[in-house]
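Trainee: Here's a structure for you.
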Amino acid sequence: MKKRKHESLFVGTFQIIVHTLLFRRRRRIHRLLPVVSAVLSGALLFFFVFFSPPITSHHQPLINPISFNNATTEFQMNLQKEQVFRVPMGGGSLSGDVWNSKQSKFYHGCSNSSNHFPSAEVNTHPNRYLMIATSGGLNQQRTGIVDAVVAAHILNAVLVVPKLDQKSYWKDSSNFSEIFDVDWFISQVSKDVKVIRNLPTNRDKVITPYTTRVPRKCNAKCYQTRILPILKKKHAVQLTKFDYRLSNRLDTDMQKLRCRVNYHALKFTDPIIEMGRKLVERIRMKSKHFVALHLRFEPDMLAFSGCYYGGGDKERKELGKIRKRWKTLHARNPDKERRNGKCPLTPEEIGLMLRALGFGNDVHIYVASGEIYGGEETLAPLKALFPNIYSKETFASKEELAPFSSFSSRMAALDFIVCDESDVFVSNNNGNMARMLSGRRRYFNHKPTIRPNAKKLYKLLLNRNNATWEEFASQVRTSQIGFMGEPMEVKPGRGEFHENPSACICADSEMDTGSATSSARRDMVEVTDGQVSEEEQEWSDTEYSENELEIR
């Protein structure tokens, strides 16, 4: 009986050794060897003592079996503690209905002008022409186009169809009519602002516009003071690098004009819409619901952010070289940036957040992204968590993408359409595309839009091995309250208008029949931690103004 007991103890010790060898995955081999050596030595000593012939002596045995059992139990408990953070392997069940926003049925987009807002016919003065030259990528240029219509209304001017940026980092030669339906645009804004395709001629000579620039976040009075006198004298003014040159804080009618332009007048060309719809249809053939993830983990994004992801000298050298493209980009403290939530999450971290929020590994994800830094190796952890990962190239042949693939803005437009049509949109930074889609999805029925609360998630992700999966998932869900695209989760007027077009969101009259209102308002008041102010948001946009993004 005693011999069997000894044998079982030895077998148990041997099992601990095997368990250690097989499952301590996160430790390097050279760190594992001292542990294994100590356990093996203990096992051999144990075997020698308990299986050697008994010594006829009144002394106590060298090893007390009871104390050894306690030590073994303690060792096993410590081992289990280090293995508690295990992501569930199965599809899992989604907690709550993550495919729909709570209380969204009580809100709708509303952008009609008031009876006091002057029409283009009354407001436009003859012989005043406003031109703008946009800056940056597709969505940064979109903000410029939207604000140009408002600026023209403020200046009582005729707007000339905006010029798109063809020279900056993206080097896209597309003009306005190759990305947006120009006829639709002109007709949709005609009640508010008169738009023409080109400057008129004066005695067979094209009018030469006076070129200048306005400060960022210039309000109505600013335009009337700085630009209107020039416009009256020169008759035609071109505003350059026109992005975020209009204040977020305007009167309600001006804000609603912004919404009418952004959500109704700006429509992609038919070829872009048709290809985008094909992508969406092909995704839905595989799954009824899908998540669109704007991963934003390209080299230029990481370089601009100044963040560090553990790639050693190779990463610092590669990203440092890219950072030299921007003249005014100051040095950043990578650790501080990450602690403050100003770094994009890695693909693995995004995957862990989504799993913690209740998305099982059977969920289908469309990744909207350019070149991923690190390639397939970087994406591998995300694919391990969500095997059903797709991109444009998954659902369209090279021949189908050929009309778009050489033009960054047209490719971005395809991603924009798929992300807009997705059941859940996830942004990995607060850039132009994320903001534009967030505001658009709020305006059209508050479709779920998840923005990682990177500041809080950083601590949870850093210490995840010290918690069980259930504890981690619960903390993630708590941290993400106020970052899920729910109505009223951001105070009206807070943040960038294109992201939170509160002046264009109306509540239904029957809303007070339930408790939805009080719940939404409570969240709006309470959820402030992690919400980034308008001034602080601009760090993350590699698409922002060329005064920050000029190439050497």
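Trainee: Quick check on packing: order 154-166, 171-183, 418-430 by the mean number of other C-beta atoms within 10 Å, highest mean leading. Could you put the intermediate results ahead of the total?
Mentor: On the way: 154-166: 22.1, 171-183: 17.0, 418-430: 23.8.
Going by the mean number of other Cβ atoms within 10 Å, highest first, we get 418-430, 154-166, 171-183.
Trainee: Another question about this same structure. In segment 125-251, carbon and sulfur make up what percent of the accessible area (probe 1.4 Å)?
Mentor: Values: 2690 of 5670 Å².
Here it works out to 47 percent.
Trainee: For segment 125-251, with only Lys/Arg (+1) and Asp/Glu (-1) charged at the beta-carbon, what is the dipole magnitude about the Cα centre, in debye rounded to 20?
Mentor: Working: 21 positive and 10 negative charges, 145 e Å.
Using Cβ point charges on Lys, Arg, Asp and Glu, segment 125-251 gives about 700 debye.
Trainee: Once the principal axes of the Cα atoms of segment 125-251 are found, what is the range along each, listed largest first in whole angstroms?
Mentor: 39, 35, 28
Trainee: In whole Hz and in residue order, list the ³J(HN,Hα) couplings for segment 205-218 that follow from phi through the Karplus curve 6.51 cos²θ - 1.76 cosθ + 1.60, θ = phi - 60°; x for Gly and Pro.
Mentor: 10, 6, 5, 8, x, 7, 9, 8, 9, 9, x, 5, 6, 6
Trainee: Another one. Specify which residue in the list Gly431, Ala402, Ile417 is farthest towards the positive end of the charge dipole of segment 391-438, using unit charges on the beta carbon of Lys, Arg (+1) and Asp, Glu (-1), about the Cα centre.
Mentor: Gly431
Trainee: Related question: For a quick check: with amide H placed at 1.01 Å from N, whose amide H comes under 5 Å from Leu295's, ignoring anything fewer than 5 positions away on the same chain?
Mentor: Residues meeting the amide H criterion: Ala368.
Trainee: Rank these residues by their accessible area, most exposed first, probe 1.4 Å: Asp204, Asp243, Asp335.
Mentor: Details: Asp204 145, Asp243 0, Asp335 100 Å².
Correct descending sequence by accessible area is Asp204, Asp335, Asp243.
Trainee: In Å and on Cα atoms, what radius of gyration and Dmax does segment 305-430 show?
Mentor: 16.4, 45
Trainee: How would segment 182-234 be classified by its alpha-carbon gyration tensor: rounded, prolate or oblate, with rounded meaning a/c under 1.5 and the a/b versus b/c comparison settling the rest? Please list the in-between numbers first.
Mentor: Numbers: a/c = 2.37, a/b = 1.16, b/c = 2.04.
Because a/c hits 1.5 or more and a/b fails to exceed b/c, segment 182-234 counts as oblate.
Trainee: Oh, and also: Does segment 125-174 come out rounded, prolate or oblate, given a ≥ b ≥ c as the square roots of the eigenvalues of its C-alpha gyration tensor, rounded meaning a/c under 1.5 and, failing that, prolate meaning a/b above b/c? The partial results should precede the final answer.
Mentor: On the way: a/c = 3.99, a/b = 2.24, b/c = 1.78.
It is prolate, given that a/c is not under 1.5 and a/b is the larger ratio.
Trainee: Give the lysines reachable from Lys336 as a straight Cα distance under 19 Å; neighbours fewer than 8 places away on the same chain don't count.
Mentor: Result set, ordered by chain and number: Lys455, Lys456, Lys459.
Trainee: Which distance in Å, rounded to a whole number, links the C-alpha centroids of segment 267-310 and segment 379-420?
Mentor: That distance is 6 Å.
Trainee: Further question on the same structure: If Met353, Met285 are ordered by their accessible area, calculated over protein heavy atoms with a 1.4 Å probe, which sequence runs from highest to lowest?
Mentor: Met285, Met353
Trainee: Okay, moving on. Probe of 1.4 angstrom, ligands and nucleic acids ignored: what's the accessible area per residue over segment 125-251, in square angstrom? Could you put the intermediate results ahead of the total?
Mentor: On the way: 5670 Å² over 127 residues.
On a per-residue basis, 45 Å².
The values are calculated or read from the model by the stated rules, or taken from the named source; none is laboratory data. Just so it is clear, the model here is predicted, and its values are computed rather than measured. Cβ coordinates were reconstructed from backbone atoms using ideal geometry, including for glycine residues, and neighbour counts include every protein chain displayed. SASA here: full protein model, heavy atoms, side chains in, ligands and nucleic acids out. Shrake-Rupley method; radii C 1.70, N 1.55, O 1.52, S 1.80 Å.
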